[in-house]
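Participant: One structure is given below, represented as structure tokens, and several questions about it will come after.
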Amino acid sequence: MSSTSEEQTAPSPTSPTSLASVPRAPGAMPLLGHALALWRDPLGFLSSLRHHGELVRVNLGTMPMYVVTTPELVHEVTVRQVNSFEKGRFFDRLRPLAGNGLANSDGEFHRSHRRMIQPMFSRDRITGYSEIMSSSARELAGSWKPGDVIDLEPAMAGYAVETLSRTLFSSEIGLPAVNAVREHLPVLLTNLLVRAASPKLLDRLPIRANREFDRAAAELRAVIDEVVTRARAAGPTGRDDLLSLLLAAQDPDSGTRLTDEEARDELSTILFAGAETTAATLAWTFHELASRPDVEAEVVAEIRAVVGDGPVTALHVPELKALRRVIDEVIRLHGVTLLMRRTTEPVTLGGVALPPGTEVAFSLYALHRDPGLYENPDRFDPDRWLPERQAAGPGRRAYVPFGAGNRKCIGDLFVWTEATIAIATILDRWKLVPLAGHTPREVASAVAHADSIPMTVAARE
Ligand code: HEM
């Protein structure tokens with residue numbers, strides 16, 4: 001790029017400044033950087049960064065990461081300048097688990113796979129999957145009795161994994177995969193964020209957590225591989241599960257189809273992306289509702305008016321508007337912890353010139369609890385989503401629970417449907433009462449889930 005000597009010596013007020021001008025988060029330690037602060041209190045640390053600027057430098061060990069703290073800059077990264085970014089270090093670390101599935105891939109490969117997979121998450125398809133969501137929810141609600149104390153964390157994780165695996169693999173051939181997912185996915189999800197944020201070197205330490213993780217990853221991969229191979233050999237089944245749809249998919253532009261390995265990576269990605277996120281949303285919903293009996297009463301009255309006596313179906317979902325506000329509010333409060341990108345070419349962000357290869361990150365959790373954007377941001381207040389209050393609020397750009405642009409969550413309608421059906425089915429039958437003396441603690445993983453949410457089951461009038 002050519003420039004005159006005048007431009008070089010006397011930058012105009014709009015010229016981007018260099019990376020060196022970006023404020024650093026306080027508290028870095030030699031060699032470790034901010035790793036300890038991130039490890040000790042990731043959510044508090046990420047939320048504190050907004051006090052230092054709209055772009056803040058954090059050191060992961062010795063590697064600099066530039067954290068974006070405003071909705072405007074998140075929009076720049078995810079939408080306006082999206083072509084100058086690829087997925088960053090976090091996703092490199094996920095690759096051994098989820099291969100080159102949608103969440104990890106970039107460029108034309110990602111575009112082509114997204115075109116093939118998007119129709120599998122259309123409204124019509126989700127209406128089809130919703131029968132599984134509804135029957136799993138009825139089975140779960142039917143397995144409880146008054147007086148039971150249920151820890152909602154594992155209970156909702158079980159429901160999410162069950163629903164997802166039955167949506168992925170509906171036939172006999174898929175049974176080993178469903179069982180392997182039930183057994184191994186919880187082990188993998190527990191350790192995922194720690195793995196992704198730590199140096200690769202630590203993966204090799206011969207400690208129990210690493211051994212369990214590696215074994216679970218290898219077994220899950222092997223079983224899904226086997227199922228894909230057998231399903232391919234068996235030929236078209238006429239079924240509508242995701243496995244069958246992936247094997248039959250074809251890119252409308254290039255005509256390409258997925259190889260067995262690519263189908264395996266996409267199935268694993270959907271499992272990783274869809275299980276914990278959904279489970280945490282469901283578990284927090286019951287906790288938050290118990291703190292607001294007025295909101296719970298409104299939601300239950302709405303369920304009874306809209307659904308009546310039969311099972312909750314996809315048709316009821318758009319009508320359950322008070323429940324929608326509750327779910328929106330739960331995902332605002334307990335959302336995705338940290339997302340990363342890496343520049344592929346020179347980029348100007350917030351007036352700063354970022355060279356290619358710069359690691360950029362943003363926390364939707366921190367964004368959604370910014371007191372500059374949300375009144376009483378830590379308060380569970382579903383009515384903030386009423387249209388009249390939204391008009392006066394920060395607007396949709398400040399609320400991006402599913403991301404934005406070409407990497408926006410492919411499962412947003414899926415989870416909205418699944419969460420609504422599960423919550424409505426359970427609330428109609430049971431009242432869940434928090435165990436006295438217990439306050440759930442937030443644990444940062446892909447999302448902010450709870451350590452445990454024990455609740456007592458009581459029959460609802
Ligand atoms: C409350 C539940 C969920 C939340 C909060 C959530 C959030 C997100 C976010 C923020 C992203 C964007 C990541 C980025 O920009 O780097 C994403 C991507 C993705 N999500 Fe979700 N998600 C949820 C549920 C699901 C479910 C149920 C599925 C599948 C059934 C799913 C599948 C995916 C996939 C495949 C991607 C990658 C999309 C791409 O890069 O093209 N998610 N999700």
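The values are calculated or read from the model by the stated rules, or taken from the named source; none is laboratory data. Predicted model, so just to flag it, every value in this text is computed and none were measured. Heads up, the Cβs are rebuilt from the backbone with ideal geometry, glycines too, and the neighbour counts pull from every protein chain shown.
Participant: Out of Val400, Val347, I need the residue that is of a type in the set (A, V, I, L, M, F, W, C) and either within 16 Å of the ligand (Cβ to nearest atom) or at pLDDT below 95 (or both). Which one?
Facilitator: On inspection, the qualifying residue turns out to be Val400.
Participant: Does Trp416 satisfy being under 18 Å from the mean Cα position of the chain (by Cα), buried (at least 18 other Cβ atoms within 10 Å of the Cβ) and aromatic (Phe, Trp, Tyr)? Step through it out loud before you land on a result.
Facilitator: On the way: under 18 Å from the mean Cα position of the chain (by Cα): yes; buried (at least 18 other Cβ atoms within 10 Å of the Cβ): yes; aromatic (Phe, Trp, Tyr): yes.
For Trp416, the condition - under 18 Å from the mean Cα position of the chain (by Cα), buried (at least 18 other Cβ atoms within 10 Å of the Cβ) and aromatic (Phe, Trp, Tyr) - is met.
Participant: Quick check, is Arg379 more than 30 Å from Phe121 (Cα to Cα) and under 24 Å from the mean Cα position of the chain (by Cα)?
Facilitator: Working: more than 30 Å from Phe121 (Cα to Cα): yes; under 24 Å from the mean Cα position of the chain (by Cα): yes.
When the stated conditions are applied, Arg379 passes them.
Participant: Output the residues belonging to the stretch 20-43 that are surrounded by 13 or more Cβ atoms within 10 Å (Cβ to Cβ), touching a Ser or Thr at 6+ places or on another chain (Cβ under 8 Å) and outside any helix (DSSP H, G or I).
Facilitator: The answer is Ala25, Gly33.
Participant: Also: Just wondering, is there one or more residues in the stretch 98-107 that are modelled with pLDDT under 95, away from the ligand (no atom under 11 Å from the Cβ) and closer than 30 Å to Ser170 by Cα?
Facilitator: Checking the stretch 98-107: at least one residue is modelled with pLDDT under 95, away from the ligand (no atom under 11 Å from the Cβ) and closer than 30 Å to Ser170 by Cα.
Participant: For the stretch 94-133, how many residues are hydrophobic (A, V, I, L, M, F, W, C) and over 29 Å from Leu315 (Cβ atoms)?
Facilitator: 5
Participant: Would you point out which residue out of Tyr399, Tyr374 is touching a His at 6+ places or on another chain (Cβ under 8 Å) and closer than 29 Å to Ser84 by Cβ? Talk me through it step by step, then tell me what you get.
Facilitator: Values: Tyr374 fails: closer than 29 Å to Ser84 by Cβ.
Matching residue, one of Tyr399, Tyr374: Tyr399.
Participant: Would you confirm, using the coordinates I've provided, whether Ser122 is exposed (fewer than 13 other Cβ atoms within 10 Å of the Cβ) and modelled with pLDDT of 85 or more?
Facilitator: Judged against the criteria, Ser122 is a match.
Participant: Do we have Ala137 as over 30 Å from Ala233 (Cα atoms), touching a residue at least 12 places away in the same chain (Cβ under 8 Å) and part of a helix (DSSP H, G or I) here? Step through it out loud before you land on a result.
Facilitator: Values: over 30 Å from Ala233 (Cα atoms): yes; touching a residue at least 12 places away in the same chain (Cβ under 8 Å): yes; part of a helix (DSSP H, G or I): yes.
When the stated conditions are applied, Ala137 passes them.
Participant: Please tell me if Pro318 is within 24 Å of the chain's Cα centre (by Cα) and exposed (fewer than 14 other Cβ atoms within 10 Å of the Cβ). First the steps, then the outcome.
Facilitator: Working: within 24 Å of the chain's Cα centre (by Cα): yes; exposed (fewer than 14 other Cβ atoms within 10 Å of the Cβ): yes.
Spelling it out, Pro318 is indeed within 24 Å of the chain's Cα centre (by Cα) and exposed (fewer than 14 other Cβ atoms within 10 Å of the Cβ).
Participant: It is to be established whether one or more residues within the stretch 449-461 are within 16 Å of Arg325 (Cβ to Cβ) and either of a type in the set (S, T, N, Q) or within 22 Å of the chain's Cα centre (by Cα) (or both).
Facilitator: The answer is no, given that none of the residues of the stretch 449-461 is within 16 Å of Arg325 (Cβ to Cβ) and either of a type in the set (S, T, N, Q) or within 22 Å of the chain's Cα centre (by Cα) (or both).
Participant: Can you tell me how many residues in the stretch 220-267 are outside any helix (DSSP H, G or I) and surrounded by fewer than 18 Cβ atoms within 10 Å (Cβ to Cβ)?
Facilitator: Qualifying residue count for the region: 15.
Participant: Go through Glu162, Glu153 for me and flag whichever is acidic (Asp, Glu) and free of Cβ contacts under 8 Å to residues at least 60 places away in the same chain. Walk me through it before giving the result.
Facilitator: Details: Glu153 fails: free of Cβ contacts under 8 Å to residues at least 60 places away in the same chain.
Result: Glu162 is the single residue among Glu162, Glu153 that is acidic (Asp, Glu) and free of Cβ contacts under 8 Å to residues at least 60 places away in the same chain.
Participant: Another question, if that's okay. What are the residues in the stretch 171-201 that are surrounded by 13 or more Cβ atoms within 10 Å (Cβ to Cβ) and either at pLDDT below 70 or among the polar types (S, T, N, Q) (or both), if any?
Facilitator: Ser171, Thr190, Asn191, Leu192, Leu193, Val194, Arg195, Ala196, Ala197, Ser198
Participant: Let me ask another. Enumerate the pairs (first residue in the stretch 434-461 and touching a residue at least 24 places away in the same chain (Cβ under 8 Å) and farther than 27 Å from Ala273 by Cα; second residue anywhere and basic (Lys, Arg) and within 16 Å of the ligand (Cβ to nearest atom)) with beta-carbon separation below 6 Å, excluding pairs fewer than 6 apart on the same chain, so at least 6 apart or on different chains.
Facilitator: Pairs that qualify, where the first residue is touching a residue at least 24 places away in the same chain (Cβ under 8 Å) and farther than 27 Å from Ala273 by Cα and the partner is basic (Lys, Arg) and within 16 Å of the ligand (Cβ to nearest atom): there are none.
Participant: Here is a check on your reading of the model: is Leu19 touching a residue at least 40 places away in the same chain (Cβ under 8 Å) and either away from the ligand (no atom under 16 Å from the Cβ) or within 27 Å of Gly99 (Cβ to Cβ) (or both)?
Facilitator: So Leu19 fits the description; yes.
Participant: Right, here's the next one. Looking only at the stretch 403-455, which residues are more than 12 Å from the ligand (Cβ to nearest atom), charged (D, E, K, R) and in a loop (DSSP other than H, G, I, E, B)?
Facilitator: Arg441, Asp451
Participant: Here is a further query. Quick check on the stretch 253-271. Is at least one of its residues within 16 Å of the ligand (Cβ to nearest atom) and under 30 Å from Val433 (Cβ atoms)?
Facilitator: Checked the stretch 253-271: no residue is within 16 Å of the ligand (Cβ to nearest atom) and under 30 Å from Val433 (Cβ atoms).
Participant: Could you tell me whether the stretch 52-73 includes any residue that is over 17 Å from the mean Cα position of the chain (by Cα), among the charged types (D, E, K, R) and within 16 Å of the ligand (Cβ to nearest atom)? Working first, answer last.
Facilitator: Taking the stretch 52-73 as the starting set, the residues that turn out to be over 17 Å from the mean Cα position of the chain (by Cα) are 52-73.
Now restrict to residues that are among the charged types (D, E, K, R): 54, 57, 72.
Add one more test, that the residue is within 16 Å of the ligand (Cβ to nearest atom), and what stays is none.
The answer is no; no qualifying residue exists.
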